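Nothing in this text is a laboratory measurement; each read-out follows from the coordinates by a stated rule. Bear in mind that the values here come from a model prediction, so they are computed numbers and not experimental data. Positions of Cβ are backbone-derived with ideal geometry, glycine not excepted, and every protein chain shown enters the neighbour counts.
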């Protein structure tokens, strides 16, 4: 039958190979090529605009609480990030890359991590650090070893501590709930000072903090959306939350008069925004299953260690940056390559 | 590589956000309320946050203004001016605040009196 003489390797499986004429045996029976084997039509820009969409509930809550100043910080941070990347592209004569939405996401994340009272020059400096120092000097998107907005935040927190002291920054605001920064109260005065916070209030964003990091429900909804869409690896997010929870629980069980409970740590500070929007950032997090779990869990552990026994009020920026550095090492834990080389076979 | 459509969208987004950001910063600058909500004293022994609103409000502690502000202060909310409790003045700001804060807390049997209960060290 003529059907039996068709090529063994169908042309539509390997479109780069020329179709063999019927009747002739294919030159090679097995073609090996590297990934990706299939393109689902997804784009980097689509992913980034989905991340912005997912962040919207938390951002809107921040803007509704702090008003125009919060909107100013978010909008200015996004604009400055995109302009920084554009200028960098032009100066280096590279192709313009702001169309992929990565710079806008970096600016949005940094804006969400800042207080509504952040001066414009801090926003400008922060976005410059995030885009140029954090990302572009390493080669741009996909090459950054550290999380760019977090690197910028860490440098700003160290350089301008007063601006990121939420008790000082937000002292003129009275939003109808307890306006002291929960983690600062815990650090300075111990668990007795945080009895005034209810977990429900903390979860619903009725707490002082950065513009986009206080609305727990919104962040979780956004995070679950991103995980379901496949833009965020659940392994990293959930292991980070588990790391924070278990470490805080162990501290709390060891001495509840000295250390706060695990739910308090989950719903305060940068925990939730970090879990869903910062830790799982592609370039600075591992790609294999066990490394992802280790990466998230250790970042969570470090976060609570810094909060409970470290010098800083919130350990998120430093714990995740530290784990970013360990990322290449962690990714060495990977499955063995299939097969082996046999000499003289 | 990004498409022309993506680039055009990004340019438009950046321009709009820049305008929004600049307008928000220019038109809505940070304002200090006429009557302070919370005051932050920066001291050599760490920062102290005072909930001014709760202390002054009738539904709060109802402390009368002149119990702390014993002299009329014009155009200044600072206590540490040369005429008030500056470094060469008597009593110094720290002494005046300690006397007022701790004294009142002790007399009323409420409020913190230990150093670490106010000072963030």
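Working from the alpha-carbon coordinates of segment A:82-215, get Rg over Rh, Rh being the Kirkwood radius.
1.07
What nm value, rounded to one decimal, do you get for the distance between residue A:333 and residue A:138 when each label is placed 7 Å out toward the C-beta?
2.1 nm
Please say if segment A:264-345 is rounded, prolate or oblate, where rounded means a/c under 1.5 for a ≥ b ≥ c the square roots of the C-alpha gyration tensor eigenvalues, and otherwise the choice is prolate for a/b larger than b/c and oblate otherwise?
prolate
How do B:34, B:6, A:281, B:106 rank when sorted from fewest to most other Cβ atoms within 10 Å of their own Cβ?
B:34, B:106, B:6, A:281
Once Rh for segment A:203-345 is found with the Kirkwood sum over Cα pairs, what is the Stokes-Einstein diffusion coefficient at 37 °C and 0.692 mPa s, in µm²/s?
206 µm²/s
Please identify, among A:186, A:146, A:329, the residue showing maximal mean-square fluctuation in a Gaussian network model of chain A using a 10 angstrom Cα cutoff.
Of A:186, A:146, A:329, the most mobile in the Gaussian network model is A:329.
For segment A:133-169 and segment B:26-56, what is the separation of their Cα centres, given in Å?
A separation of 27 Å, based on Cα centres.
Where does helix A:234-254 land angle-wise versus the long Cα axis of chain A, in degrees 0 to 90, nearest 10?
That works out to roughly 40 degrees.
What is the mean number of Cβ atoms from other protein chains located within 10 Å of the Cβ atom of each residue in peptide B:23-33, rounded to a whole number?
5
Rg and Dmax of chain A over Cα atoms: what are they, in angstrom?
According to the Cα coordinates of chain A, Rg and Dmax are 24.0, 87 Å.
Roughly how crowded by other chains is peptide A:69-78, in terms of the mean Cβ count from those chains within 10 Å of each of its Cβ atoms?
Whole-number average of other-chain Cβ neighbours for A:69-78 is 6.
If one takes the longest principal axis of the Cα atoms in chain A, at what angle in degrees, from 0 to 90 and to the nearest 10, does the Cα axis of helix A:68-92 lie?
Approximately 40 degrees, to the nearest 10.
Among A:328, A:291, A:36, which one shows the highest mean-square fluctuation when chain A is modelled as a Gaussian network with alpha-carbon springs under 10 Å?
Result for chain A, Cα springs under 10 Å: A:36 fluctuates most.
What FRET efficiency comes out for residue B:32 versus residue A:340 if R0 is 60 angstrom and r is the Cβ-Cβ distance? Round to the nearest 0.05.
Efficiency, from the Cβ-Cβ distance: 0.25.
Tell me the mean residue ellipticity at 222 nm calculated for the protein assembly as shown from its helices only (DSSP H runs of n ≥ 4, each -39500 (n - 2.57), averaged over every residue, nearest 500).
Value at 222 nm, helices only, nearest 500: -15000 deg cm²/dmol.
Computed FRET efficiency, Cβ-Cβ of residue B:19 and residue A:224, R0 22 Å: what is it to the nearest 0.05? Present the calculation step by step, with values, prior to reporting the outcome.
Values: r = 33 Å, r/R0 = 1.52.
Taking R0 as 22 Å, the efficiency between residue B:19 and residue A:224 is 0.10.
If you build a Gaussian network model of chain A, linking Cα atoms that sit under 10 Å apart, which residue out of A:93, A:142, A:72 swings the most?
In this elastic network of chain A, the residue with the biggest mean-square fluctuation among A:93, A:142, A:72 is A:93.
Rank these for me by crowding, B:19, B:113, going from fewest to most other beta carbons within 10 Å.
Lowest to highest Cβ neighbour count: B:19, B:113.
Between residue A:161 and residue B:90, what FRET efficiency comes out of the Förster formula 1/(1 + (r/R0)^6) with R0 = 41 Å and r the beta carbon distance, rounded to 0.05?
Working: r = 33 Å, r/R0 = 0.80.
Efficiency, rounded to the nearest 0.05: 0.80.
Equivalent ellipsoid semi-axes for segment A:162-227, as square roots of 5 times the alpha carbon gyration tensor eigenvalues: give them largest first, rounded to whole Å.
22, 14, 11
In what order do A:198, A:84, A:319 fall by count of nearby beta-carbon atoms within 10 Å, going from fewest to most?
A:198, A:84, A:319
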